[in-house]
Amino acid sequence: MPNIFHIKKYLLLAVMLSLSACASTPDSIVKLDDIWKNYEKAMLWGEYSYVMGAHKGKPISDLVRERLKHIKVTSYEVMNRKVVPDGTAATQRVHIKYYNKAYAVVREITVAQDWAYDEKSEQWFILSPFPKFK
């Protein structure tokens, strides 16, 4: 029969191990979680300048920027997420429901996003193109 001392010792060990596991989360992963949350909020609130700032590569045209003024995202559902073990790349698939304010027809798209961590700037960027809203 285990005595109370052994139970307390194992309980303390379990607490210490779980705390050390939390403390070992790389900063890049914490930043990724933050940018995923902010990106989703920006999509839902129509803050496309923030969203576009997360995309690395070719900037979108002024015509597309003008069209985005008429797009309202109503749902941004993350379907799955994967992060590579070293915390420098990630992918997520999202299902987006949106409508053009001029037509009021709800459309849906599924987007695969490839994210990369730039160690020099300590920021995450999307390598995939900006979603094509019709």
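So if I check each of Val73, Val30, which one is outside any helix (DSSP H, G or I) and β-branched (Val, Ile, Thr)?
Val73
When Arg65 is evaluated against the numbered criteria (1) farther than 19 Å from Phe130 by Cβ; (2) basic (Lys, Arg); (3) modelled with pLDDT under 95, which criterion, by number, is the only one it fails?
Only one criterion is unmet by Arg65, namely (1).
Residue by residue, here is whether (1) modelled with pLDDT of 90 or more; (2) outside any loop (DSSP other than H, G, I, E, B); (3) in contact with a Lys or Arg (Cβ under 8 Å, 6 or more places away or on another chain); (4) not acidic (Asp, Glu) holds:
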| site | (1), (2), (3), (4) |
| --- | --- |
| Glu40 | yes, yes, no, no |
| Asn80 | yes, yes, yes, yes |
| Tyr98 | yes, yes, yes, yes |
| Glu108 | yes, yes, yes, no |
| Gln113 | yes, yes, yes, yes |
| Lys120 | yes, no, no, yes |
| Lys134 | no, no, yes, yes |
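So, Asp114, is that one of a type outside the set (A, V, I, L, M, F, W, C), loosely packed, with under 11 Cβ neighbours inside 10 Å and either closer than 19 Å to Ile35 by Cα or in contact (Cβ under 8 Å) with a residue 40 or more places away in the chain (or both) or not?
no
With Arg93, Arg65 as the choices, which residue is surrounded by 13 or more Cβ atoms within 10 Å (Cβ to Cβ), touching a residue at least 12 places away in the same chain (Cβ under 8 Å) and in a helix (DSSP H, G or I)?
Criteria check complete, one pass: Arg65.
Quick test for you: out of Gly57, Gly87, pick the one residue that is in a loop (DSSP other than H, G, I, E, B), touching a residue at least 40 places away in the same chain (Cβ under 8 Å) and loosely packed, with under 13 Cβ neighbours inside 10 Å.
Matching residue, one of Gly57, Gly87: Gly57.
The values are calculated or read from the model by the stated rules, or taken from the named source; none is laboratory data. These numbers were taken from a predicted model, which means no experiment stands behind them. Please note: Cβ atoms are built from the backbone with ideal geometry, for glycine as well, and neighbour counts cover all protein chains shown.
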